[in-house]
1. I need the full set of residues from segment 112-167 which are open to solvent by 40 Å² or more (accessible area, probe 1.4 Å) and outside any helix (DSSP H, G or I), in order please.
2. Modelled with pLDDT of 95 or more and either buried (at least 19 other Cβ atoms within 10 Å of the Cβ) or not hydroxyl-bearing (Ser, Thr, Tyr) (or both), is that true of Asp48?
3. Given the options Asp77, Asp18, name the one that is assigned to a helix (DSSP H, G or I), modelled with pLDDT under 95 and surrounded by fewer than 18 Cβ atoms within 10 Å (Cβ to Cβ).
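The values are calculated or read from the model by the stated rules, or taken from the named source; none is laboratory data. Treat the numbers as computed from the prediction; the structure is a model and nothing was measured. A quick note on method: Cβ atoms are made from the backbone with ideal geometry, for glycine too, and the neighbour counts reach across all protein chains shown. All accessible areas refer to the heavy atoms of the entire protein, side chains included, with ligands and DNA or RNA removed. Shrake-Rupley method; radii C 1.70, N 1.55, O 1.52, S 1.80 Å.
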Amino acid sequence: MTDAPHLSNETPGGDWGDRMEQSVLDAAVRLSPALGWNSRMLRTACADNGLSLGDEELLFPNGARDLAALLSRRHDDRTLAVLAQVDAKSLKMRERIARAVSARMEAGAADLEATRRCAAFLALPTNADLGLKLAWESADHLWHWAGDTATDWNHYSKRAILSGILIPALTMRWFDGRDAAETFVAARIENVMAFEKWKAGKDFDAPLRKVSEALSRMRYGAKTDT
């Protein structure tokens, strides 16, 4: 087995498998505008790198889904590299999230035609689970950069909310352009901030406590004064 004829500039280190994955991804970005994001494109990208069918199955056991995950994670890496130049603490939280989402959108736009094909692939019902997982990963990266340290249920709710913003925002960026996507993101962040303001001070755990107390009384009986 020979090494890759060309290597991605974004992965200078790593072992042979990592470098070859990135080299195949480079080929996929080049080929997908004409071939689409599918098994044919993957086979061609692997063949361009001198890989046999056995090598392809070893490196990409889930086929084009594995390449889609690699592309999303490459875009996450680009995003974090850009955000590393920004002092998050100098921004209000809503500004941090807006900046982070914008950086993530532009990271994918650098490979626009390939990203469009990949987005269409992830929109298929058979790949929707992967699309949701990758959106969650991106949201997690962005929240970490923004300084989130929550470990309770807020950790998950924040990522769920941001994933719900990211998926349509990225789709709009790929197909409707930057202005439409930025306008959408600003409006959704405003909605979230309004909700957080409304939620502040409200005791959302009260219903759970009431259920817990009722179950406790059913099991142990009501307390009586002695």
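1. Those that are open to solvent by 40 Å² or more (accessible area, probe 1.4 Å) and outside any helix (DSSP H, G or I): Ala123, Leu124, Gly147, Thr149, Thr151, Asp152.
2. For Asp48, the condition - modelled with pLDDT of 95 or more and either buried (at least 19 other Cβ atoms within 10 Å of the Cβ) or not hydroxyl-bearing (Ser, Thr, Tyr) (or both) - is met.
3. Within the list Asp77, Asp18, the selection yields Asp18.
Here is a yes/no grid of residues against (1) at pLDDT 95 or above; (2) under 12 Å from the mean Cα position of the chain (by Cα):
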position: Arg99; (1), (2): yes, no
position: Gly108; (1), (2): yes, yes
position: Leu112; (1), (2): yes, no
position: Arg117; (1), (2): yes, no
position: Phe121; (1), (2): yes, no
position: Leu124; (1), (2): yes, no
position: Lys133; (1), (2): yes, yes
position: Ala139; (1), (2): yes, yes
position: Thr149; (1), (2): no, no
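One line per residue, one yes/no per condition, for (1) at pLDDT 95 or above; (2) open to solvent by less than 20 Å² (accessible area, probe 1.4 Å); (3) in a helix (DSSP H, G or I):
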position: Asn9; (1), (2), (3): no, no, no
position: Val24; (1), (2), (3): yes, yes, yes
position: Arg30; (1), (2), (3): yes, no, yes
position: Ala34; (1), (2), (3): yes, no, yes
position: Asp55; (1), (2), (3): no, no, yes
position: Ala69; (1), (2), (3): yes, yes, yes
position: Val86; (1), (2), (3): yes, no, no
position: Arg104; (1), (2), (3): yes, yes, yes
